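Have a look at the structure below before the remarks.
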């Protein structure tokens, strides 16, 4: 009788890893610059389309496209950061929301123009398909792969932030931007690097998401909502917070759809509103 | 805005603001033009008037009190469903429907305003977005009440004032929408030019300092949010009554985003901003969506980027800046 429960928990965890990859970059950049970037998932969508194109058009192996998805999203995002975002760091929330939602709209229309509105798929290699059985419970191999990638990325991120000079600069800038500037840290350059890294991770998430949720131009808005929920529940600038929030949201979404399908996505929005009312800065937020 | 160097009491300032500008008379007279010039487009004109009213309601909280809402369609939708559902159960009188819809959305707005007043920045955006999606999901799952994704069936709207039927050409619809828009506009105009309106602008600029000079921020935000919700509800009810259809589209995120775009395009924090924005947006959509509806949002996105980068106060803000520049050069 515990079989289905563990299965749901596992699927939810794997989904949570996906949400974590998609949202961790936004969490750190929001914590650093307080910049509300609603185009974050557009970069994730870009990563997804890079993978789809490379696999289907050029016959690349799926795994080899993942670094390209990361790089493409990172590069494009840093161009936008330097050209547009930089000018609005001190602007109001409203201006930031408008600019980035404008970019998200443009990305959706562009994707629809190039790839059409149909659902895209990228075939995964045979060793990532099927499922394995432990203790009488089926685990999807691709989901195990997702969990492995998610945990590896978390580990690398935490180690980078804790033990490297770059990580120290990022933490200093998140904690107190002005003080960090005063100490001679080049916050703008650090931010640009972090922004590229975060968008790259989103691109990777977008590429990995194809197998689970598919890819079409509306990705940039639909998953934006999930990502924003993870970020605001987890707390700005907190990797641990994003991780826990992503797992929580992932599991409650899958469990909700499995046990009470008629409620739909209702549960998640309710959970988010209640959590934010309890802790407006998120579970692990400082401000 | 008073000239620098000329002292003005707050009383005089407010009185000067309430005076009607000749351009305002011209604007409202121009709203009658569709009867003469575009008699085939009266349905569109009534949609524009309704959207303008919706934009006006958002302007009240966003432009004046500085509350960024990404879920304002929730109130529009509740108003539309209220008017539709009560007409299904026999209350088909349009005016009574408006009053009931306004009262109900006002109550919902008042209840949620306690949440809204507590948040700022990202959390506020998320809460409004979440509330919007929550209401959408509720309407979607409450199939027995709203008809879910199939839309509400069996709406029967009675004659306006017991005399004028809603015709296919939209004559009644446009007159009705325009009159309601005008009355609500007068109310909002009066409100924003009152001490309360000034206090709201103070809260927008600095919500921490306002309590120090005796204007309780949270209480003011609750009041204005409730009023804005009621006006959005009236706009929704108007749409339901003039088109006799209510579908889940009234609650879409897209609707919240669209109205935000219109308001910003026209100029937030200026009464006419939402109105001008609604006219431009709706006419442009009507003209362009026939060509390639799929790419309509590309141009909207580009427009948003350009407005944010080049015209921080929207079209009206840009025009008044230009006007002041020309006048400054002359003197």
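Taken together, the values in this text are just the output of simple stated rules run on the coordinates, not laboratory data. Here the structure is a predicted model, which means the values were calculated and not measured. Glycine also receives a Cβ, built like all others from the backbone with ideal geometry; neighbour counts cover every protein chain displayed.
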Taking the condition of being outside any helix (DSSP H, G or I) and either surrounded by 24 or more Cβ atoms within 10 Å (Cβ to Cβ) or touching a strand residue (DSSP E or B) at 6+ places or on another chain (Cβ under 6 Å) (or both), how many residues in the stretch A:37-68 meet it? 3
Do any helices (runs of 4 or more DSSP H) entirely within the stretch B:1-74 hold 1 or more residues that are touching a residue at least 12 places away in the same chain (Cβ under 8 Å) and in contact with a helix residue (DSSP H, G or I) (Cβ under 6 Å, 6 or more places away or on another chain), and if so, which? B:33-37, B:42-59
Can you name the residue in the stretch A:98-140 that is within 14 Å of another protein chain (Cβ to nearest Cβ) and part of a loop (DSSP other than H, G, I, E, B) and is also nearest to residue A:8 (Cα to Cα) among such residues? A:118
Only residues that are more than 9 Å from chain A (Cβ to nearest Cβ), assigned to a helix (DSSP H, G or I) and touching a residue at least 12 places away in the same chain (Cβ under 8 Å): list them for the stretch B:107-131, please. B:108, B:109, B:110, B:112, B:113, B:114, B:116, B:128
From the options B:148, B:154, residue that is in contact (Cβ under 8 Å) with a residue 12 or more places away in the chain, more than 30 Å from residue A:282 (Cβ to Cβ) and either away from chain A (no Cβ under 14 Å) or out of contact with any helix residue (DSSP H, G or I) (no Cβ under 8 Å at 6 or more places or on another chain) (or both): B:154
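For (1) within 11 Å of chain A (Cβ to nearest Cβ); (2) part of a helix (DSSP H, G or I), each residue gets a yes or a no:
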residue: B:92; (1), (2): no, no
residue: B:97; (1), (2): no, yes
residue: B:134; (1), (2): yes, yes
residue: B:182; (1), (2): no, yes
Can you pull out the helices (runs of 4 or more DSSP H) entirely within the stretch A:204-287 that have at least 3 residues that are facing chain B (nearest Cβ under 10 Å)? A:219-234, A:266-278
Within the stretch A:34-62, tally of residues that are more than 12 Å from every other protein chain (Cβ to nearest Cβ) and either in contact with a helix residue (DSSP H, G or I) (Cβ under 7 Å, 6 or more places away or on another chain) or closer than 18 Å to residue A:23 by Cα (or both): 16
